[in-house]
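Undergrad: Please see the structure below; I have some questions.
The values are calculated or read from the model by the stated rules, or taken from the named source; none is laboratory data. These numbers come from a predicted model, not from an experiment. No Cβ is skipped: glycine too gets one built from the backbone with ideal geometry, and neighbour counts run over all protein chains shown.
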Amino acid sequence: MNLEPILQVKDLNYIYSAGTPFEHKALENVSFTLNRGEFVGVIGHTGSGKSTLMQQLNGLLKPTSGQVILDGVDIWSDKKITRQARFRVGLVFQYPEYQLFEETVYKDIAFGPKNMGLSAEEIDRRVREAAGFVGITERQLQASPFDLSGGQKRRVAIAGVIAMEPEVLILDEPTAGLDPIGRAEILSNIESYRKAKNATIMMVSHSMEDVARMTDRLLVLYGSHLAMDAPPAEVFTHAQELVDMGLNIPQVTQIFLHLKQMGLDVDNVYTIEQAVSILSRLKEGKVHA
């Protein structure tokens, strides 16, 4: 992987209602770097600062202190740069289908590129390419978004952000509320975009299995701080810490944690099949705790 930095967060702090009795520190001294083409997961319990962080990265919220640096430039150094950052760093909110409003799917996907001041030909190219990434057909492009299923609406909303061709794509629970098939399709769509454009993906998710399987790195937020920043395999070795933070852990990690609590050596166990084998032998009395 090309480890070329695309977005850097330096000593980021954000305080809601600063100077009032309702003052709340949402982010404290958060620092990390996103590299071009990287897939980064973000996990943390409700209220840990995940949504606040995402809105800092594309200039929707201005840091109380600290910097968000895109391609070497502070996104708040100039109004024009802040505006450009909102196109270069695409943000897909949770349940984005509720933000659809145009009379056709085509117009909804075209909304972002149109705001960028692109030519009609370039807008058309981007709409059709984005639709292709998320599996929207030519026929569906001419339909009303309100006539589509929930999963299809989700795809349209994601296509609307992809059509701006962001270098960094940030998604807040993109598979929330979808069935297993819909979830797998959306995750496949996101991965297709990443590979085709060498885009950086940051995905907030409560599905530990998804982030364990798909991401290169995990950021763990806890109590407004960045508690961990490491590959998933390393993060999940801290299973008990994650549980203490109120986070679920992948099923395989739950089994490893259970085996470790029983006093068994699981340092060289890497797959759920190995763990199940140990459990089976334990049940048969061939392994002793």
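Undergrad: Mind checking which residues of the range 3-51 are of a type in the set (Ser, Thr, Tyr) and crowded, with 22+ Cβ neighbours inside 10 Å? Steps first, please.
TA: Going through the range 3-51, the residues of a type in the set (Ser, Thr, Tyr) turn out to be 14, 16-17, 20, 31, 33, 46, 48, 51.
Across the range 3-51, the qualifying residues are 14, 48.
Undergrad: Determine whether residue 237 is modelled with pLDDT under 85 and polar (S, T, N, Q).
TA: Details: modelled with pLDDT under 85: yes; polar (S, T, N, Q): yes.
Taking the combined requirement at face value, the residue satisfies it.
Undergrad: Looking at this structure, is residue 99 surrounded by fewer than 19 Cβ atoms within 10 Å (Cβ to Cβ), closer than 23 Å to residue 177 by Cα and either not aromatic (Phe, Trp, Tyr) or not assigned by TED's automatic domain parsing to the domain that holds residue 200 (or both)?
TA: Working: surrounded by fewer than 19 Cβ atoms within 10 Å (Cβ to Cβ): yes; closer than 23 Å to residue 177 by Cα: yes; either not aromatic (Phe, Trp, Tyr) or not assigned by TED's automatic domain parsing to the domain that holds residue 200 (or both): yes.
Here the answer is yes, as residue 99 does meet what is asked.
Undergrad: I'd like to know if the range 104-119 contains one or more residues that are assigned by TED's automatic domain parsing to the domain that holds residue 72, buried (at least 19 other Cβ atoms within 10 Å of the Cβ) and within 18 Å of residue 195 (Cα to Cα).
TA: Looking for residues that are assigned by TED's automatic domain parsing to the domain that holds residue 72, buried (at least 19 other Cβ atoms within 10 Å of the Cβ) and within 18 Å of residue 195 (Cα to Cα), one finds none in the range 104-119, hence no.
Undergrad: Answer with yes or no whether residue 69 is under 25 Å from residue 14 (Cβ atoms) and buried (at least 20 other Cβ atoms within 10 Å of the Cβ).
TA: Numbers: under 25 Å from residue 14 (Cβ atoms): yes; buried (at least 20 other Cβ atoms within 10 Å of the Cβ): no.
Against the criterion (under 25 Å from residue 14 (Cβ atoms) and buried (at least 20 other Cβ atoms within 10 Å of the Cβ)), residue 69 does not qualify.
Undergrad: Can I ask one more? I want to confirm something. Restricting to the range 16-36 and keeping residues that are among the β-branched types (Val, Ile, Thr) and at pLDDT 95 or above, which single residue is farthest from residue 199 (Cα to Cα)? Working first, answer last.
TA: As a first pass, look at the range 16-36 and keep what is among the β-branched types (Val, Ile, Thr): 20, 30, 33.
Now narrow it down to the ones that are at pLDDT 95 or above: 30, 33.
On the way: 30: 23, 33: 14 Å.
Step by step, filter the range 16-36, then rank; the result is 30.
Undergrad: Out of all the residues in the range 112-125, is one or more touching a residue at least 60 places away in the same chain (Cβ under 8 Å), closer than 23 Å to residue 157 by Cβ, assigned to a helix (DSSP H, G or I) and of a type in the set (A, V, I, L, M, F, W, C)?
TA: First, the residues of the range 112-125 that are touching a residue at least 60 places away in the same chain (Cβ under 8 Å): none.
Looking through the range 112-125, none of the residues is touching a residue at least 60 places away in the same chain (Cβ under 8 Å), closer than 23 Å to residue 157 by Cβ, assigned to a helix (DSSP H, G or I) and of a type in the set (A, V, I, L, M, F, W, C).
Undergrad: Any idea which of (1) more than 22 Å from residue 58 (Cα to Cα); (2) without any contact (Cβ under 8 Å) to a residue 40 or more places away in the chain is the one residue 214 doesn't satisfy?
TA: Result: residue 214 fails condition (2) only.
Undergrad: Return the only residue of 187, 226 being within 26 Å of residue 14 (Cβ to Cβ) and at pLDDT 85 or above.
TA: Answer to the selection: 226.
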